[in-house]
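**Q** First the structure, which I've put down as structure tokens, then a few questions once you've had a look.
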Amino acid sequence: MPPADRPPPEKMMFQLNLRRRGISDQRVLRAMDGIPRDVFVEPADRDDAWLDTALGIACGQTISQPFVVAYMTERLELRDDNRVLEIGSGSGYQAAILSRLCRQVLTIERFRVLADRARSRLEQLGCDNVEVMLGDGFDIPAEAGQFDRILVTAAMEQIPDALTARIEPGGLLIAPVGPPSGRQTLILLRRTTAGLVRKELIDVRFVPALPGIAREL
Ligand code: SAH
């Protein structure tokens, strides 16, 4: 293969690390391979974009660690026809990954600056099945309706009933649950005919989910 067609070493390491850490769903690995993470990080962090670490973005927020993005996406068992809600657009990276694996994504962000930047990156990459909304994930407009899958990327003290009420029958929700600077655990909820079934997954560290749209900086 001529050098220009060969994936750069940092991208090969990126894929290798995800596999080594147990990500095995080929669709998820392919989506992670196809979305350029360097587009979503701050310009000063471009060289570190393929490392398996969270990085700072504007408004004191973070773009999640690639392993955690892949893990949460894998646990969501996405199907092509799913309608997905993400709370916490941040950089837009997780939404871009989701966009490759489902029919439609609504992603909500409480900082206007982040929502605007995420929207323009997603447009630039042609992720035209994603809508970025400025709003509060604790107060989702009724018109937004129900979702097959819900992914929360900011830590909640507990998962509000108003949110679980949005899960379609058979649907799944994944969210980091715990105090802002204490132990947070990923919780997976599945809506079955017998009610919500809750499963604890791995411990994680996310920025806290805060109520209301953020005041302009
Ligand atoms: N998914 C993002 C990472 C998100 S970091 C990515 O791929 O880059 C968590 C984000 O959740 C932050 O941008 C924060 O502003 C946002 N957030 C926190 N509380 C929120 C709320 N109530 N509603 C919407 N967004 C919220």
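**Q** Can you tell me how many residues within segment 171-184 are within 16 Å of the ligand (Cβ to nearest atom) and open to solvent by less than 50 Å² (accessible area, probe 1.4 Å)?
**A** 7
**Q** Filter segment 77-87 for residues that are surrounded by 24 or more Cβ atoms within 10 Å (Cβ to Cβ) and more than 14 Å from Ala154 (Cβ to Cβ); which is farthest from the ligand (Cβ to nearest atom)?
**A** Out of the qualifying residues, it is Leu78.
**Q** I'm trying to understand the selection: among the residues of segment 82-139, which are among the β-branched types (Val, Ile, Thr) and free of Cβ contacts under 8 Å to residues at least 60 places away in the same chain?
**A** Val105, Thr107, Ile108, Val130, Val132
**Q** Being touching a Lys or Arg at 6+ places or on another chain (Cβ under 9 Å), more than 18 Å from Gly137 (Cα to Cα) and either open to solvent by 10 Å² or more (accessible area, probe 1.4 Å) or not small (Gly, Ala, Ser) (or both) is the filter here, so list the residues in segment 88-101 that pass it.
**A** Those that are touching a Lys or Arg at 6+ places or on another chain (Cβ under 9 Å), more than 18 Å from Gly137 (Cα to Cα) and either open to solvent by 10 Å² or more (accessible area, probe 1.4 Å) or not small (Gly, Ala, Ser) (or both): Arg100, Leu101.
**Q** Looking only at segment 185-217, how many residues end up being in a loop (DSSP other than H, G, I, E, B) and either within 16 Å of the ligand (Cβ to nearest atom) or surrounded by 10 or more Cβ atoms within 10 Å (Cβ to Cβ) (or both)?
**A** Residues flagged as in a loop (DSSP other than H, G, I, E, B) and either within 16 Å of the ligand (Cβ to nearest atom) or surrounded by 10 or more Cβ atoms within 10 Å (Cβ to Cβ) (or both) within segment 185-217 amount to 12.
**Q** Need a quick list: helices (runs of 4 or more DSSP H) entirely within segment 88-170 having at least 2 residues that are within 10 Å of the ligand (Cβ to nearest atom), closer than 21 Å to Leu29 by Cα and not polar (S, T, N, Q).
**A** Helices (runs of 4 or more DSSP H) meeting the threshold: 93-99.
The values are calculated or read from the model by the stated rules, or taken from the named source; none is laboratory data. Just so you know, these numbers come straight off a predicted model, no measurement behind them. We place every Cβ from the backbone using ideal geometry, glycine too, and count neighbours over all the protein chains shown. When the accessible area is computed, the model is the full protein with side chains, heavy atoms only, and any ligands, DNA or RNA have been set aside. Shrake-Rupley method; radii C 1.70, N 1.55, O 1.52, S 1.80 Å.
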